[in-house]
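A quick write-up on the structure given underneath.
Please treat every number below as a calculation from the coordinates, not as lab data. Since the model is a prediction, treat every value here as computed from it, not as a measurement. Here the Cβ positions follow ideal geometry from the backbone for every residue, glycine too, while neighbour counts run over all protein chains shown.
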Amino acid sequence: MYRLPIGKYVEIGVDWLTDNLSTFFDIIKSAFLFVIDGFEFIYVGIPFIIMLAIICTIAWWTAGKKTALFTLVGALVIKSIELWELTMKTFALVTTATVIALVIGIPLGIWMSRSNRLNKGMRPILDFMQTMPAFVYLIPAVYFFDLGPVPGAVATVIFAMPPIVRLTSLGIRQVPRDVIEASRAFGCTPKQMLFKVQIPLAKPTILAGLNQTIMLSLSMVVISSMIGSGGLGDIVLKGITQMKIGVGFEGGLAVVILAMILDRITQSIGKPKSKRKVA
């Protein structure tokens with residue numbers, strides 16, 4: 001059977017992009033570095049006690065006392081194993097990837113909810129983005145942006161963006177038709193319809209997409225340590241490559257604690273205060 005030279009064509013395309021759009025990739029790299037360094041400067045620069053108070057306050061306000069207590073204990077555990085700074089660097093990468101994924105994904109999801117043609121065209125693309133093995137994204141990312149945190153952040157954005165796009169579109173499409181018709185009867189403009197009716201009613205679904213995007217970002221940031229993105233991924237990678245079980249476990253534990261804190265907080269944001277979980 002004839003073998004399709006797909007890999008060869010991909011390499012030709014990547015080489016063409018590198019040769020002809022190098023300036024464009026340099027601009028993207030500079031922009032990503034600016035955002036990553038900014039978040040890292042804030043997170044690492046704030047003293048541990050103050051950062052701990054901020055995070056626990058947010059956890060208490062959004063998810064209740066038990067989550068705040070878990071956040072306190074988890075942060076103290078991370079600090080006690082001397083991984084707080086690396087955790088904040090990982091958090092900076094996650095924040096960068098999540099913010100960029102939201103800036104791109106939410107408008108795209110809104111557009112998809114308004115266009116059946118775009119929705120059908122984007123679904124296979126989102127399937128491809130979400131099901132492609134995470135390690136594969138690292139290859140072109142390194143090719144375009146060299147080693148460091150930028151290719152890791154770019155690969156993370158691509159890998160983590162589909163949930164927020166899908167669920168934004170789904171949430172808006174699930175707004176009841178009678179509500180839409182009633183809003184039109186009261187004279188809502190399309191802009192008012194979107195921002196005062198559809199998005200508020202779709203908020204729980206959109207926030208579920210945010211939660212999934214954050215979790216995927218965190219998992220991908222750890223994988224991207226293989227290309228020098230830094231953070232807790234370096235500790236986990238060191239434990240694997242040097243067969244240091246204890247070191248790897250500590251890095252993995254810090255990742256788990258960070259993931260659980262972010263998960264509890266983001267799950268509780270969209271719930272009414274009377275229904276928010278306290279655990």
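Would you mind giving the average projected area, over all directions, of the Cα convex hull of region 75-232 in nm² with one decimal?
About 10.9 nm², averaged over all directions.
Any chance you could run the full-extension gain for Glu82 through Ser22? It's 0.36 nm times the residue separation minus the Cα-Cα distance, nm to one decimal.
Taking 0.36 nm per residue and subtracting the Cα distance, the gain is 17.7 nm.
With springs only between Cα atoms under 10 Å apart, run a GNM on the chain and tell me which of Phe48, Phe34, Phe186 wobbles the most.
Comparing Phe48, Phe34, Phe186 in a Gaussian network model of the chain, the most mobile one is Phe186.
Taking only Cα atoms of the chain, what ratio of Rg to Rh do you get with Rh as the Kirkwood inverse-distance radius?
1.02
Across 5 Å bins from 0, what is the distribution of all Cα-Cα pair distances for region 148-277, in whole percents?
2, 10, 14, 15, 15, 12, 10, 8, 6, 4, 3, 1, 1, 0
For the pairs Lys89/Lys203; Lys65/Lys244; Lys29/Lys89; Lys79/Lys244; Lys79/Lys203, note any where the Cα-Cα span goes beyond 25 Å. It would help to have the intermediate numbers written out before the result.
Values: Lys89/Lys203 29 Å; Lys65/Lys244 36 Å; Lys29/Lys89 18 Å; Lys79/Lys244 20 Å; Lys79/Lys203 35 Å.
Violating the 25 Å limit, Cα to Cα: Lys89/Lys203; Lys65/Lys244; Lys79/Lys203.
As a footprinting exposure proxy, order Met51, Met88 by other Cβ within 10 Å, with the fewest listed first.
Met51, Met88
Quick check on packing: order 90-102, 12-24, 208-220 by the mean number of other C-beta atoms within 10 Å, highest mean leading.
90-102, 208-220, 12-24
Classify region 1-113 as rounded, prolate or oblate from the Cα gyration tensor: take a ≥ b ≥ c as the square roots of its eigenvalues, call it rounded if a/c is under 1.5, otherwise prolate when a/b beats b/c and oblate if not.
prolate
Name the most mobile residue of Ser113, Ser268, Ser183, meaning the one with the largest mean-square fluctuation, in a Gaussian network model of the chain with Cα contacts below 10 Å.
In the Gaussian network model the winner is Ser183.
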